[in-house]
Amino acid sequence: MAKAPVLTPQAEDFPRWYQDLINKAELADNGPVRGTMVIRPYGYGLWERMQQEMDARIKDAGAQNAYFPLFIPQSYLTKEAEHVEGFAPELAVVTHGGGKELEEPVVVRPTSETIINDYFSKWVQSYRDLPLLINQWANVVRWEMRPRVFLRTSEFLWQEGHTAHATYEDARDYAARIHTDVYGDFMTNVLGIDVVLGRKTAKERFAGAINTLTLEGMMGDGKALQLGTSHELGTNFAKAFNTQYLSKEGKQELVWQTSWGVSTRMVGGLIMSHGDDNGLRVPPRLAHIQVVVMAIKGDEAVAKVRELGAPRKAAGPVAFTQHRYPQTHVKMGCGGWVV
């Protein structure tokens, strides 16, 4: 009797193939609350290596990492009408804490433009404070009605960059630099996905932006996936939060801003662009496990494989096992090679 395939063939049911692969390769599980996910060690290892590659490029672009609170006063979002209107259907709002009703409800951050602008307005006083280039690695919550692991979840991991500039031209050029030199370079040369760099239509722009640049990758089912965006925010948030600076001419001017982000959706993009009916395929620079060293039996064999594997740790994580190594990790793409 022929063995049943490990995965549903892509041509038969692509969404089922995608879910099968995530389960078989032990990348993630659905969380206990609808729309959440538990990222398992191999899946998180992919995200960690993406973080490392992305973080280096972000810092090369001059941005520094910081961290801002998860909870945002609801009143902050109402200061920028277009922004709150765009996110209203996705907001998670906390009304009680410590057993008591809160005086003001707080929003679990869907993105951080509002709270970061509140602090930018305190930090920026003069043209000497600009450009201010900040990035944070965090989780965000957007209440998702049609969740799919990695692609659309109510809580996901990402980086979000936020910058303030003295002129429109400086902000425009920085948003474009992130779009091409950071995101475009990473997705092409590390993710191994041939992305199309484009511009959103006015109706598709990020809520509150004057321009949104996007990166779209082609997946195995012939559909495009948005893998990242970089936004020109103009002075919309600066007006709402009174973020001004004293110019060289001694005049109070509004700052020009950008925001930009990529998320764990890139893990889903990696799966759907490189995976096949045999399983997960990972570009070598992203493979969490580069080498698998298997000892068949006996202490001498274990000692020998450790001896063989030790010099190869420089290539990346090395997995040692005395028993049968999980088929999913070997067959579904450790991205390196097996000793």
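Just so it is clear, none of the values below were taken in a lab; they were calculated from the coordinates. As the structure is a prediction and not an experimental result, all values here were calculated from the model. Note that we place each Cβ from the backbone using ideal geometry, even for glycine, and neighbour counts take in every protein chain shown.
Quick notes on this one:
- Whole-Hz couplings from phi, Karplus 6.51/-1.76/1.60, listed for the stretch 148-163; x for Gly and Pro: 9, 3, 6, 7, 9, 10, 5, 10, 9, 9, 6, 10, 9, x, 9, 9
- Cα centroid separation - the stretch 11-53 against the stretch 92-143, whole Å: 29 Å
- Which listed pairs, of 200/223; 59/79; 79/122; 122/239, have C-alpha distances above 22 Å, in listed order: 59/79
- Under 5 Å, built H, 5+ apart or other chain: amide partners of residue 102: 96, 97
- FRET efficiency, residue 95 to residue 123 (Cβ-Cβ, R0 30 Å, nearest 0.05): 0.45
- Going from the fewest other Cβ atoms within 10 Å to the most, the residues 256, 137, 47 appear in the order 137, 47, 256.
- Legend: calculated FRET efficiency, residue 102 to residue 57, from the Cβ-Cβ distance at R0 = 41 Å, rounded to 0.05, equals 0.55.
- Mean shadow area of the stretch 1-149, taken as a quarter of the surface of its Cα convex hull (nm²): 14.2 nm²
- Under 5 Å, built H, 5+ apart or other chain: amide partners of residue 229: 261
- Exposed loop positions in the chain were taken to be GluC sites (Glu not before Pro) whose DSSP state is not H, G, I, E or B and which have at most 11 other beta-carbon atoms within 10 angstrom. Between these positions, the longest stretch is 13-248.
- The convex hull drawn around the Cα atoms of the chain, when projected onto a plane and averaged over every direction, covers 21.9 nm².
- The stretch 176-206: trypsin sites (Lys or Arg not before Pro) falling in loop per DSSP and having at most 16 other Cβ within 10 Å: 200
- Residues whose placed amide H lies under 5 Å from that of residue 30, excluding near-sequence neighbours: 38
- Normalised by the number of residues in the chain, the mean separation of alpha-carbon contacts (under 8 Å, six or more apart) gives a relative contact order of 18 percent.
- Rounded to 10°, Cα long-axis angle of helix 14-24 versus longest principal axis of the chain: 70 degrees
- Across the stretch 258-264, computed HN-Hα scalar couplings (Karplus, 6.51 cos²θ - 1.76 cosθ + 1.60, θ = phi - 60°) run 9, 8, 7, x, 9, 9, 5 Hz from first to last residue, x flagging Gly and Pro.
- Calculated from backbone phi, Karplus (6.51, -1.76, 1.60) coupling profile of the stretch 238-251 in Hz, x at Gly/Pro: 4, 5, 5, 10, 6, 8, 10, 9, 8, 6, 4, 7, x, 10
- Qualifying trypsin sites (Lys or Arg not before Pro) in the stretch 2-71, DSSP loop, other Cβ atoms within 10 Å at most 15: 3, 34
- Estimated distance in nm for a label pair at residue 169 and residue 75, the labels positioned 7 Å out from Cα along Cα-to-Cβ: 4.0 nm
- Principal-axis tilt of helix 113-123 within the chain, Cα atoms, nearest 10 degrees: 60 degrees
- The simple spin-label model puts a point 7 Å past each Cα toward its Cβ; for residue 307 and residue 145 those points are separated by 6.4 nm.
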